[in-house]
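Asks: This is the structure I have questions about; it appears just below.
The values are calculated or read from the model by the stated rules, or taken from the named source; none is laboratory data. Owing to the predicted nature of the structure, the values given are computational and were not obtained by experimental measurement. Don't worry about glycine lacking a Cβ; one is built from the backbone with ideal geometry, like all the others, and counts go over all protein chains shown. Ligands, DNA and RNA are excluded from the accessible area calculation, which covers all protein heavy atoms including side chains. Shrake-Rupley method; radii C 1.70, N 1.55, O 1.52, S 1.80 Å.
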Amino acid sequence: MSTSKIEAPSPPTTAGRPSAEPDARSDRTFVIKPASRAPHLDISELWHYRELLQTLVWRDVVVRYKQTFLGVAWAILVPVFTATVYIIVFGKFANFPAGEVPYPSLVIAGVLPMQYFASSLTGSSLSLAANLQLVTKVYFPRALLPLAAVIVPMIDFIVGLPVLIFLMWLYGTWPGGPELLLAPFAMALALITALGAGFLLSALNVRYRDVRYMIPVFLQVLPLLSGVMYAVEEIPVKWQWILAFNPMTAVIANWRWAMLDASAPDLGQTAVGVAVALVVFFGGLAVFRSSEPRFADTI
Amino acid sequence: MVAIAIEADALSKRYRIGELQAAYGTLRESMSHTAKRLTGQEHRRGYEEIWALRDVSFQLEEGKALGLIGRNGAGKSTLLKILTRITTPTEGRAEIRGRVGSLLEVGTGFHPELTGRENVFLNGAILGMKRREIQAKMPEIAEFSGVERFLDTPVKRYSSGMHVRLAFSVAAHFEPEIMLVDEVLSVGDAEFQARCLGRMEDINTTGRTVVFVSHQVQSVAQLCDRVLLMDEGRIVRDGPSAEVVAHYLQSATGTSSSQTWVAEEEPGDDLVSLHSVRSVRADGETADYADVREPVGIEMVFSVLRDGPPILPKIKVVAGGQIAFNAMDVGPRSREPSRPGEYVATAWIPGNFLNEGLVTVDAALCTIDSPKLHHHVSIHEAVSFHVQDPLEGDSSRGMFTGQWRGVVRPLLDWTTREL
């Protein structure tokens, strides 16, 4: 159908209606009823709102860099500063084990996904409270807010990648082969974990604003428990298995394997990490969906 | 058969007072309460519950405009929030057929750091417009808002007026099949409000279904075919807008279109006593509301108890909080000494004279006690009626549908000729 003014013969149900838009689904019927207890994610509804998701992501990216002097450069500066401190403190003084990978590459390859996870987790956990005005005044699937918040830091992550590529060039450690294909998988695992935790914490944050103070504490400890500044396979196996319950350990180990040709992480440990990530994701989603109907009333 | 756009069936919404008051607590409070409950030191808190909405059912046909009026807390906004799916009902269900757009606030999601243009896209997307749609309407939106020159300036540098104008322009160009609107006309200056009202009228005449909540009863009366009056979460009246609005305004002011006194309570003195006052239409029917083009009579029935000076029935007409005029009987009877008997006096206020809105009338029976006027009976707000313009183009506002100020609104003789 085109946007021409000539009335196209329309089905009887829509006859006489203003044709606001040719592809408007004017036969859409919404049923409003008390919230059901069983949570589920309506994928088709999310798809229907995809433009809003894009717009929310775009807004956050634009706003983020609008009033900063250095703008996008921060996406490179932050991981570089962090990595430099780690390299000096943990590499030089504490002599953390690096395995067969040059220590600076190892640290940057850990810092980038960790930065991504930290921003995603913070952003998605605070997303509902930060968009209070939207939540109380307009309807859209609320899941869009945490979802947008885990997509936005992906931009920073991609902008920061050249730092890693520079180090790869500097030390001549290029990806070894087909395991490079694992790189997106590792990041997807980080995204799913952050989103799951973001679902849970954003729903909690609607009621308890304690979440805002809990997250930074948690994120300060997390790098130590994820092998950001050391190679996990160099520590005692018993401890490796404990760290495996942290999905970020699997993310970083696999990412290093994919990008730096580091030794392959233990498959069993990765499987544990993936399983935990899935539990966090579906658990968080369930909590989010079941408390969603009350967001507008309690926020 | 007419298609139904909105069908609500026994919608109810319960809030716990606790939920309303302590919107959010801290984890500690919550944990300590749970701990106390488990150890038996404290019983489960019996929340006080209120029904913000109770058994609300109605059907709205496609292309009709429905208004919701009522006092604060009557449940209007809760109903709208349920229909827009911002919150869910506790009980009941509703069906909405068509593309829904809601407007509970103008400029939802406006971000101060973004430019006017960027905010139009953002706000449009939040309202549910497609990017293509916004792009196509951008020139129109910019023109309607009157802030074209500042479209590429961050909104944080806008004055609040510019902010609102731009926000409303986006909203006004949003064209869903079913429009749910809350109290958005109360923004901006009078001139802009008038334009917005005009725009709403346009929306109305394009066959869109509209549900409209407002405290400005006047605009509800003007825009809507049908009005629901709500009180304490229930629909207490449902009918043509003129009727319901008149009823609401009268009950809000505690007045009505007729008053009758029983024999022993009749106001008066040894000369006169008043039996009843009514506002009437030309056919003698009591009038809660009146067509602006038709005359309205104020009828007083009274008894004269003894011979005395001439009795002068008098009315004071108050509209929009101001005295429109005073009027007193100056007919032949007003010069003759009064004789005992029953009388009925009717003052006819011509059609095309009063402005729209609620009109209250003070009624009095006087004699002249030179140089003063002696009030034997004086009833403050004796009756009231609502003046309504059906907007058919033959009243003194012609084809204009926006705000029209003034206590009175006479239809004058205009002679305009070419020189």
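Asks: Which whole-number percentage describes the relative contact order of the stretch A:113-204, with Cα contacts under 8 Å and a sequence gap of 6 or more?
Replies: 55
Asks: Students sometimes get this wrong: rank B:L180, A:L126 by accessible area, probe 1.4 Å, all chains present, largest first.
Replies: Greatest to least solvent exposure: A:L126, B:L180.
Asks: Express the relative contact order of the stretch B:295-419 as a whole percentage, based on alpha carbon pairs under 8 Å and six or more residues apart in sequence.
Replies: 27
Asks: A further question follows. Given a 1.4 Å probe, show me the residues in the stretch A:285-299 buried by at least 20 Å² of accessible surface when comparing the whole protein assembly to the chain alone.
Replies: Residues of the stretch A:285-299 that lose at least 20 Å² of accessible area once the other chains are added: A:P293, A:A296, A:D297, A:T298.
Asks: Using a 1.4 Å probe, what is the accessible area per residue for chain B, in Å²?
Replies: 48
Asks: In addition: Between B:Q322 and A:S290, how high is the FRET efficiency from 1/(1 + (r/R0)^6) when r is the Cβ-Cβ distance and R₀ = 51 Å? Nearest 0.05.
Replies: Calculated value: 0.35.
Asks: Other chains near A:139-151: what is the mean number of their Cβ atoms within 10 Å of each residue's Cβ?
Replies: 1
Asks: Further question: Give me the percent of the accessible area of chain B that comes from carbon and sulfur atoms, probe 1.4 Å, all protein chains in place.
Replies: Its accessible area is 50 percent carbon and sulfur atoms.
Asks: Rounding to the nearest 10 and keeping the result within 0 to 90°, find how far the Cα-based axis of helix B:241-253 lies from the longest principal axis of chain B.
Replies: Between helix and principal axis, roughly 80 degrees.
Asks: Right, another one. What is the sum of charges, Lys and Arg at +1 and Asp and Glu at -1, for the other residues whose Cβ falls under 9 Å from the Cβ of B:L305?
Replies: Around B:L305, the surrounding residues sum to -1.
Asks: Let me ask something else. Which angle from 0 to 90°, rounded to the nearest 10, does the C-alpha axis of helix B:27-38 make with the longest principal axis of chain B?
Replies: 90
Asks: Right, another one. Not counting ligands, DNA or RNA, and with a 1.4 Å probe, what is B:D225's accessible surface area in Å² rounded to the nearest 10?
Replies: 80
Asks: Considering only protein heavy atoms and a 1.4 Å probe, what is the carbon-and-sulfur percentage of the accessible area of the stretch A:129-232?
Replies: 77
Asks: If a helix is a whole DSSP H run, which ones in chain A reach 27 Å or further along their own axis (Cα) and hold a mean Kyte-Doolittle hydropathy of at least 0.0?
Replies: Helices meeting the criterion: A:103-130, A:144-171, A:182-207, A:267-291.
Asks: Find how much the distance from A:Q133 to A:I235 grows on full extension, using 0.36 nm per residue of separation minus their present alpha carbon separation; answer in nm with one decimal.
Replies: Result: 31.9 nm gained on full extension.
Asks: Hey, if we sort A:W255, A:W74, B:W261 by accessible area with the 1.4 Å probe, largest down, what's the order?
Replies: A:W74, B:W261, A:W255
Asks: Using bins 5 angstrom wide from zero, how does P(r) for the stretch B:320-399 break down, in % of all Cα pairs?
Replies: Here the calculated profile for the stretch B:320-399 is 3, 10, 19, 21, 15, 13, 9, 6, 4, 1, 0.
Asks: Continuing with the same structure: Over the whole of A:130-138, what's the average partner chain Cβ count within 10 Å per residue? Rounded to a whole number, please.
Replies: The mean count of partner-chain Cβ atoms within 10 Å per residue comes to 5.
Asks: So if I take the centroid of the Cα atoms in the stretch B:327-374 and the same for the stretch A:89-120, what is the distance between those two points in Å?
Replies: The two parts, judged by their Cα centres, are 95 Å apart.
Asks: Okay, moving on. When Cβ neighbours within 10 Å are restricted to other protein chains, what is their mean count per residue of peptide B:126-132?
Replies: The mean count of partner-chain Cβ atoms within 10 Å per residue comes to 5.
Asks: In percent, what relative contact order does chain A have, based on Cα pairs under 8 Å that are 6 or more apart in sequence?
Replies: Relative CO of chain A lands at 25 percent.
Asks: A further question follows. Calculate, for chain A, the solvent-accessible area per residue in square angstrom, rolling a 1.4 angstrom probe over the heavy atoms of the protein chains.
Replies: Here the per-residue accessible area is 48 Å².
Asks: Now for a separate question. Provide the net charge surrounding A:K66, with neighbours chosen by a C-beta distance below 12 Å and charges set as Lys +1, Arg +1, Asp -1, Glu -1.
Replies: 0
Asks: Still on this model: Under 22 Å Cα to Cα from B:K372, which lysines show up? Leave out anything in the same chain fewer than 8 places away.
Replies: The reachable lysines, counting only those whose Cα sits under 22 Å from B:K372, are B:K314, B:K316.
Asks: So, one more: Any chance you could give the angle, 0 to 90 degrees and rounded to 10, that helix B:116-127 forms with the longest Cα principal axis of chain B?
Replies: Helix B:116-127 sits roughly 90 degrees off the main axis of chain B.
Asks: Counting protein heavy atoms only and a 1.4 angstrom probe, how many square angstrom of accessible surface do chains A and B bury in total, to the nearest 100?
Replies: 4700
Asks: Let me ask you something else. Would you mind checking A:K33/B:K13; B:K13/B:K81; B:K81/B:K156; A:K33/B:K64; A:K137/B:K130 for any pair whose Cα atoms are more than 21 angstrom apart?
Replies: Going by Cα-Cα distance, B:K81/B:K156; A:K33/B:K64 fall outside the 21 Å limit.
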